[in-house]
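Presented below is the structure to which this report refers.
The values are calculated or read from the model by the stated rules, or taken from the named source; none is laboratory data. If you're wondering where the values come from, they're calculated on a predicted model, not measured in any experiment. Using ideal geometry, Cβ is built from the backbone for each residue, glycine included, and neighbour counts are taken over all protein chains shown. Side chains are part of the model used for accessible areas, which takes the heavy atoms of the whole protein and leaves out ligands, DNA and RNA. Shrake-Rupley method; radii C 1.70, N 1.55, O 1.52, S 1.80 Å.
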2 protein chains.
Amino acid sequence: MQDTDPIPASRIACLDSHLTDWLRLEGARGVGLRTAHQLLEAFGSPRAIFEAGHAALAAQVGPALARTLCAPPERTICALIDTTLAWLQAPSHHVLALGDAAYPQALANIPDPPLLLYIKGRVDLLARPALAIVGSRNATVQGKANAAAFATALSETGVCVVSGLALGIDAAAHEGALRGAGSTIAVVGTGADLSYPARNRALAARIADEGCIVSEYALGTPPTSGNFPRRNRIISGLSSGVLVIEAAAQSGSLITARVAAEQGREVFALPGSIHAPLAKGCHRLIRDGARLVETVSEVLEAMQVSPLTMSSSPNKAGTNGLPTETDCTDLLAQLGHEPLDVDDLLDRLDTDIGQLSMGLLALEMAGMIERLPGGKVQRVHL
Amino acid sequence: MQDTDPIPASRIACLDSHLTDWLRLEGARGVGLRTAHQLLEAFGSPRAIFEAGHAALAAQVGPALARTLCAPPERTICALIDTTLAWLQAPSHHVLALGDAAYPQALANIPDPPLLLYIKGRVDLLARPALAIVGSRNATVQGKANAAAFATALSETGVCVVSGLALGIDAAAHEGALRGAGSTIAVVGTGADLSYPARNRALAARIADEGCIVSEYALGTPPTSGNFPRRNRIISGLSSGVLVIEAAAQSGSLITARVAAEQGREVFALPGSIHAPLAKGCHRLIRDGARLVETVSEVLEAMQVSPLTMSSSPNKAGTNGLPTETDCTDLLAQLGHEPLDVDDLLDRLDTDIGQLSMGLLALEMAGMIERLPGGKVQRVHL
């Protein structure tokens, strides 16, 4: 039996759900992402597409594709549906379809959003304010240290750090981000059930456990060179901005930055010595309009993380998990005017350490509180 | 006899020349640069000011200053005139007054040009295309090496490097520039007859010999802190642009850059590590709109040194000593299509090594020639 043979009628029952319609659409031979979006635009949902009938479909995509869509799904698709449903048995595995409430709004708004997101880990991280950190696989020791330091500081303010699980800068950013409450999202270029590159296997497992792995690729999709550039649009699509730490003059990070700019995301770049080959890409970006940054505060300021109404991207306002004006007012009230231990403050407030850290950072940036030695904070008398 | 006493009538004869009128105007008690410019605007020349009479002067600057200007010059001014005339006996010493043909046009066009320029050395350098290189006195070894390398490369293309004879970046830039045909101008904050700082005395002597020392201050003016910021406007005023190599977050180089931008000059800055304190000033400038540069070619491109019609600043067009279209055509014709020694090329052309270097650089940047080992160049077959 060939892979392309129709599946027996007895198996079609398994397609009878929301997710299976999506998998069937995505897997349909000859239907790329662009065509899928065109069909969704025309018919509204995968189910409606498969129920539209040959004439209506042919008017959109021609008779050949219409025939494919009207035929029962190929055997490979049915197998993939089975695999996917089995994979979803694990409590930390999720698949989000475009239009689902949990599908990140910022990503949905890019020109070519993935139809499906395969998630391994904390799906709640997708609702957090997020910043991407990317850079060279052949990063320097200093570059990796910078990536980790920025990622930790961002994560400590509650910002989720998005990257691509590559060696070098990506891995350092994920590791740094795992130290803070913001945690990290790894967008991978293989099926979410695979781990690539092998040297990052332990890190991938930690991210699946404490953070979140995201893929748009069907389970079992192997690493192929074409997947990684496409994956980059998701890294920036999930984020308010992209910070490039180290990048060669001609490199993938520059493509990610270009795509990010096209998506309306802010691009940040770290400068370096004129003699450092991996600073050249960042310098190119800065010349082309990227924001030169030296500190995390500059990134947060540009992300419009303002003191009392922190919000990263308009798409996430209200559901971003960041402190509201009320939170900060409560926080200031609880602080009083004496040095106070952050742990004591946490006890007094109905919040978690991530929220509290973000609130404190916001107030510190606004000059309204001061950090004192020994983990204490104090209100500043203005 | 007090310093402020009028000089005897017998000495007034010494004022009877163009230069002495300028010295008398500049030295007049209560007449600052702004007032001097106002008077020159109203009356046209120092001589006309002193011949205008009390009523006309009082209408411009009030009765008190008018009285000063109508009185015979003070004794100190007369002494200064004597000193200046004696200093001018040396063939390499010059004084240029605003409006003189040799007074640099670019400098004359700034809002507050010096009335007089005291010159020690090659006055012809003032007509060259010029770029300022400035930076920290406490520069790093790498910073000084960068300053010298940029200065040498610029000077080798015929661009004169202007700086302030301070320790650190300034000194390195002067030293680097002395290696090329473009040479160097040091704008000092003391009288041109003094040498400051002492540690740069040997360098100052070399510049007076091979380059050019410029001051707006009367002979004998000691180094005072107020002079140096004012001196900076001349550094940028003489130049098409200002390149900042290393600068602390709050530093004089940033003031020079600000003044340069106000004068309409291009500001260039070298980036550095986010952990380097002396990169912070440069990063600040880049964030504020300065052009990030990594190579001399970028500086030359931004100065609009284009391949066949090199010209630095509009003010110097036509008299800038840069190769014309004809020069480059001749040069290409003489090059033929064989590797050729630069010395042989020089023999074949009616030009000097500075002009030739600039032409070659222009052609190299345009991809029209290639440099080969052993000082040879070859036309590139397009």
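Listed here are the pairs A:K144/A:K280; A:K280/B:K376; A:K120/A:K144; which of them are more than 22 Å apart at the Cα? A:K280/B:K376; A:K120/A:K144, as the Cα separations exceed 22 Å there. Taking every protein chain into account, the accessible area of segment A:112-163 amounts to 28 square angstrom per residue (probe 1.4 Å).
For the chain pair A and B, the interface hides roughly 1400 square angstrom of accessible area in total, found with a 1.4 Å probe. Over all other residues within a Cβ to Cβ distance under 12 Å of A:N227, the charged ones net out to +2, with Lys and Arg as +1 and Asp and Glu as -1.
In a simple Cβ point-charge model (Lys, Arg +1; Asp, Glu -1; nothing else charged), segment B:145-230 has a dipole of about 160 debye relative to its Cα centre.
Inter-part distance, segment B:35-83 to segment A:35-91, computed on C-alpha centroids, equals 92 Å.
Could you work out the local net charge near B:G168, counting Lys and Arg as +1, Asp and Glu as -1, over the other residues with Cβ closer than 11 Å to its Cβ? Value of the local net charge: +1. Computed extension length for B:D344-B:L332: 3.0 nm, one decimal, from 0.36 nm per residue of separation with the Cα-Cα distance subtracted. Give the shape of segment B:214-309 as rounded, prolate or oblate, defined through the alpha-carbon gyration tensor: a ≥ b ≥ c are the square roots of its eigenvalues, a/c under 1.5 means rounded, and otherwise the shape is prolate if a/b is larger than b/c and oblate if not. Cα axes put segment B:214-309 in the oblate bin.
Placing unit charges on the Cβ atoms only, positive for Lys and Arg and negative for Asp and Glu, gives segment B:103-173 a dipole magnitude near 140 debye about its Cα centre. With a Förster radius of 56 Å applied to the beta-carbon distance between A:A42 and B:E301, the computed FRET efficiency rounds to 0.65.
Summing +1 for each Lys or Arg and -1 for each Asp or Glu among the other residues whose beta-carbon sits under 14 angstrom from that of B:T256 gives +2.
Relative contact order of segment B:40-91, taken over Cα pairs closer than 8 Å and 6 or more residues apart, is 21 percent. Our note on the geometry: Cα centres of segment B:185-240 and segment A:155-197, 55 Å apart.
Computed in the context of the full set of protein chains, the accessible area of segment B:129-243 at 1.4 Å probe radius has 52% of its extent on carbon or sulfur.
Per-residue mean of other chain beta-carbon atoms within 10 angstrom of the beta-carbon, peptide B:288-300?
Shielding by partners across B:288-300 averages 2.
Check each residue of segment B:263-277 and keep those whose accessible area, probe 1.4 Å, is at least 50 Å² smaller with all protein chains in place than in the chain alone; give them in order of residue number. The answer is B:I274.
Rounded to the nearest 20, the size of the Cβ-charge dipole of segment B:77-224 about its Cα centre is 420 debye, with Lys and Arg at +1 and Asp and Glu at -1.
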